[in-house]
Amino acid sequence: MEKQPSLNITLAIPFQTPYITPMQFGEHFIDEIKARLRPSDVIGKHVKLKRQGREYAALSPFSNEKTASFFVNDEKGFYHCFSSGKHGDIISFLMEVEGLSFPEAVERLAIQAGMELPAADPQAEARAASNKKTISIIEQAQVFFEKSLRRGIGQDARAYLKGRGLTGEDCKRFGIGFAPDSFTALVDELSQAGASIDRLVEAGLVIRPDDNRENRKPWDRFRNRIMFPITDARGRLIAFGGRAMEVGAKAKYLNSPETGVFHKSQILYRYPNARKALHMPGNGARGLIVAEGYMDVIALARAGFNHACAPLGTALTEDQLALLWRAGPEPILCFDGDKAGLRAAFRSVERALPLVRPGQTLRFALLSDGQDPDDLIRDKGPDAMKRVLEKSIPLVDMLWRREIEKEHLDTPEAKAGLKNRIFVALREISDEGVRDQYKTALLGRFDKEFGRPKWTPGGGRGKTWGGQSWGGKQKPSKTQAQKMQPEAQQMARERRLIGAVLEWPELLESVDQTLFGLKFSSSECENLQNVFLSYWQDTIAVDKRALFAHIEDNGLGNVSKTFVRTRNLTIAAMGGVDAVLTERTVKWLAEARKLMGREDAHGAKIETRGRLADTIRSEKRDALQRLARA
């Protein structure tokens, strides 16, 4: 079993894609481009957009789907794709769909906006020219390594690869080569082709001795190693990874050093190939597969899992996680299921929590018996690997497992410790919405598995703990407890309708006529309904913070907070956390129709409020047109 060091996640400096250099343009120039170009105009050249309220909807350009889940908002200047989790502006869109670099996308948009590019930076141009020469040298080295594998000196390397199940065609497909067991084979080859020693050193292919003794000449960095080419996110060959053939070698895996074009913390092995495969029609995965080493990725790709990649023998960094999330919202990290693998997975949880947000999470696939993907596929075939991936668990479940496995939970003190650890972990999540969801899920699970005190009237004889009677009357059966009177059902429906608007104020754009015509029996719901109406009369665009500020100003802040307790029920009734706005609208209107079936006596209010909603809509259209003309 071959693998590189365990896969963990470490936080690094704030994310910046290696080839993104916005500083060369300046923020003012970028802002001016965005001010001149509407997202719908730019994106509409690639995607057929259909107007839907204040947004445009379309089929996702990033995935194969039949129902529109891609939305463009000109007012807010962004696009969002619910099927893939991708989100960004016009620049990131061109980078996604056309594979452009940041400078290339900006240049394309500047031309479209009729703007001249800022004066070029001579130093940046010089670095770009130097990097281009370095990459050319690395490409020449790749040709040499591939030839060496096919020659007599590569016989043992070919035998090793054959023993790992790789054919000659596989070696060509993955660019696998061989560095001869020589100190000068590569330096002699490329020097004769005109490469300078300085350029070979800059490319990380040759080591120059530290002293100046004349008998110490530069020597090849990679010797007697199977060579794996490493590309950047744009697909440019920038480095190598070498697997030692010598048994007991000091470093089984050796990567190129940091150079002007290669920064290990910002690169994932076979990332461009994996990302492209992820978005091919028919691939229903929601993220890349992240293995631990080169051979695992190759084994996965050969087995049909072409959307696999790997870090370069180190822990995942923030930059690498950002690359993963650019490709898909739920990458799957593969770990051995043994103790060491679990420890690595738990460390990953700790490091990933500050970075998760809506549309950006992780899943974990645990392999049994200490196997890695290469072992599993060779022993049991691709179907076994597929089953492992299908059983991958979400980050929240791995967090729960981490906490409950820290100690035996057979005492009240231990259980209290578990709850404390849950709250400590929750504080690590920076996104408020995600933190709320984790809190609900984890504390709900705690109550379900470890019980919550339950008391029934009647003094000591009626006390129960965790549902177990202490000698009083038996608690009602589940069927009896679940029965609700029509009045209670109506009250629950009213709270769901109001709660949904609190959760997703954008529903107002589609349900305002129905909402303002409803008759609520609850004073809380009716009061919030009136506040919604006054807010809707005074605003043009929906903003959740503005709505809640309006509610606070009208003295109903505490009332709105009471709906938090049933928030999960509301979300479930409106299609769940992954539902799109159109689906939630349909669910909301269906709930409202059930309520209206009991309101025949209030037809006058429905008609009056309906006319008022029509008037508000007309006023909003006029206001938006005035803004557009301005």
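Values quoted throughout were computed directly from the atomic coordinates according to the rules given, and no laboratory measurement underlies them. Predicted model only: the values in this text are computed from it and were never measured. Note that each Cβ is placed from the backbone with ideal geometry, even for glycine, and that neighbours are counted across all protein chains shown.
Arranged by the count of other C-beta atoms within 10 angstrom, fewest first, what order do Met574, Met596 take? Let's see the in-between values first.
Details: Met574 24, Met596 17.
In increasing order of surrounding Cβ atoms, one gets Met596, Met574.
Can you sort Lys339, Lys76 so the residue with the fewest Cβ neighbours within 10 Å comes first?
Numbers: Lys339 9, Lys76 14.
Neighbour counts put them in this order, fewest first: Lys339, Lys76.
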Charge context of Leu149, other residues only, Cβ under 12 angstrom, K/R +1, D/E -1
+4
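Using Cβ contacts closer than 10 Å as the measure, can you line up Ser560, Ser196, Ser256 from fewest to most?
On the way: Ser560 19, Ser196 12, Ser256 22.
Sorted ascending by nearby Cβ count, the order is Ser196, Ser560, Ser256.
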State the Cα centre-to-centre distance between the range 493-514 and the range 89-135 in whole Å.
44
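Between Val564 and Lys380, what FRET efficiency follows from the Cβ-Cβ distance if R0 is 45 Å, with the result rounded to 0.05?
Values: r = 47 Å, r/R0 = 1.05.
Calculated value: 0.45.
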For a quick protection proxy, order the peptides 219-226, 111-118, 372-379, 307-314 by their average other-Cβ count within 10 Å, most packed first.
307-314, 219-226, 372-379, 111-118
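Using only the Cα atoms of the range 377-445, build the gyration tensor, take square roots of its eigenvalues as a ≥ b ≥ c, and label the shape rounded, prolate or oblate: rounded if a/c is under 1.5, else prolate if a/b is larger than b/c, else oblate.
Values: a/c = 3.52, a/b = 1.72, b/c = 2.05.
In terms of gyration-tensor shape, oblate.
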Pull out a ≥ b ≥ c, the square roots of the eigenvalues of the alpha-carbon gyration tensor of the range 115-262, then state rounded if a/c is under 1.5, prolate if not and a/b is larger than b/c, and oblate in the remaining case.
oblate
Express in nm, to one decimal, how much length is gained between Arg387 and Glu107 on full extension, taking 0.36 nm for each residue of separation and deducting their alpha carbon distance.
96.3 nm
State the percent of C-alpha pairs, over all pairs in the range 271-404, separated by a distance greater than 21 angstrom.
35
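With the contact rule set at Cα under 8 Å and sequence spacing of 6 or more, what percent relative contact order holds for the range 26-113?
Numbers: 111 pairs, mean separation 20.2, N = 88.
With pairs under 8 Å counted, the relative contact order is 23 percent.
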Over 31 Å between C-alpha atoms is what I'm after, so list which of Lys50/Lys276; Lys45/Lys391; Lys66/Lys519; Lys48/Lys439; Lys264/Lys339 land there.
Lys45/Lys391; Lys66/Lys519; Lys48/Lys439
Quick check for me: using +1 on Lys/Arg Cβ and -1 on Asp/Glu Cβ, what's the dipole size of the range 238-331 about its Cα centre, in debye to the nearest 20?
240
Note down the relative contact order for the range 113-247 as a percent, whole number, built from C-alpha pairs under 8 angstrom at least six residues apart.
25
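Among DSSP beta bridges lying fully in the range 271-404, give the percent that are antiparallel, nearest 5. Please report the intermediate quantities before stating the final value.
Working: 3 of 12 bridges.
Roughly 25 percent of the DSSP beta bridges within the range 271-404 come out antiparallel.
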